[in-house]
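Student: What follows is a single structure, and I will ask about it in a moment.
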Amino acid sequence: MIERAYRGDTARMGWTHEADLLSDTRTERAELEAIVADPSQILLMAQDADDTPIGCVNVAKRDASLAYLGMLCIEPLRQAHGLGREMIAAAERYARDTFGCTTIEMTVLEQRSELIAYYQRRGYAQTGERRDFPVPLDPPYFMTVLAKPLSGPLESNHA
């Protein structure tokens, strides 16, 4: 599901893909196994009535107050129906209530302005920090860092 949501022709059926920017494999099995085995991370899953995965998000505790939200993806044909918003809210609740974090951050490819705007509508703000893309490319890609405070009851924003 992660590969279908991020890369290749199936990803183009949704709006949050990277298929026009990247063609390599998004996630290796070993990376998912490491997330599942790491007590400072969780991979939250959404499944349909047949237990087929239709969405996921990774939450990682970076330090006592900071969590990282990553690998958010929704099955391409199920995008734009609110499931992403629900997965973000679940990730934020987990980071606050289970990990005890007060801030959550994420990184988004700079070229993905529509995705950055989506997260801004959900309360995330650009920090001004820029990080290298994890895979060296020529020309290089960079990630914009966005963050959100996790104080008080978290609500699902609508927009």
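Student: Could you pull out every one of the strands (runs of 3 or more DSSP E) wholly within segment 35-122 that has 1 or more residues that are crowded, with 17+ Cβ neighbours inside 10 Å and among the small types (Gly, Ala, Ser)? Break it down stepwise before answering.
Tutor: Working: elements: 41-47, 53-61, 66-74, 103-109.
So the answer is 41-47, 53-61, 66-74.
Student: What's the number of the condition Glu28 fails, among (1) exposed (fewer than 12 other Cβ atoms within 10 Å of the Cβ); (2) in contact with a Gly (Cβ under 7 Å, 6 or more places away or on another chain)?
Tutor: Going through (1) exposed (fewer than 12 other Cβ atoms within 10 Å of the Cβ); (2) in contact with a Gly (Cβ under 7 Å, 6 or more places away or on another chain) one by one, Glu28 breaks only (2).
Student: Looking only at segment 22-52, which residues are aliphatic (A, V, I, L, M) and modelled with pLDDT of 85 or more?
Tutor: Let us first name the residues in segment 22-52 that are aliphatic (A, V, I, L, M), namely 22, 30, 32, 34-37, 42-46, 49.
The answer is Ala30, Ala34, Ile35, Val36, Ala37, Ile42, Leu43, Leu44, Met45, Ala46, Ala49.
Student: Same structure, new question: So Glu3 ticks every box in (1) surrounded by 15 or more Cβ atoms within 10 Å (Cβ to Cβ); (2) modelled with pLDDT under 90; (3) of a type in the set (Asp, Glu) but one. Which box is left unticked?
Tutor: With respect to (1) surrounded by 15 or more Cβ atoms within 10 Å (Cβ to Cβ); (2) modelled with pLDDT under 90; (3) of a type in the set (Asp, Glu), Glu3 is out only on (1).
The values are calculated or read from the model by the stated rules, or taken from the named source; none is laboratory data. Bear in mind the structure is a predicted one, so any value in this text is a computation, not a measurement. Glycine also receives a Cβ, built like all others from the backbone with ideal geometry; neighbour counts cover every protein chain displayed.
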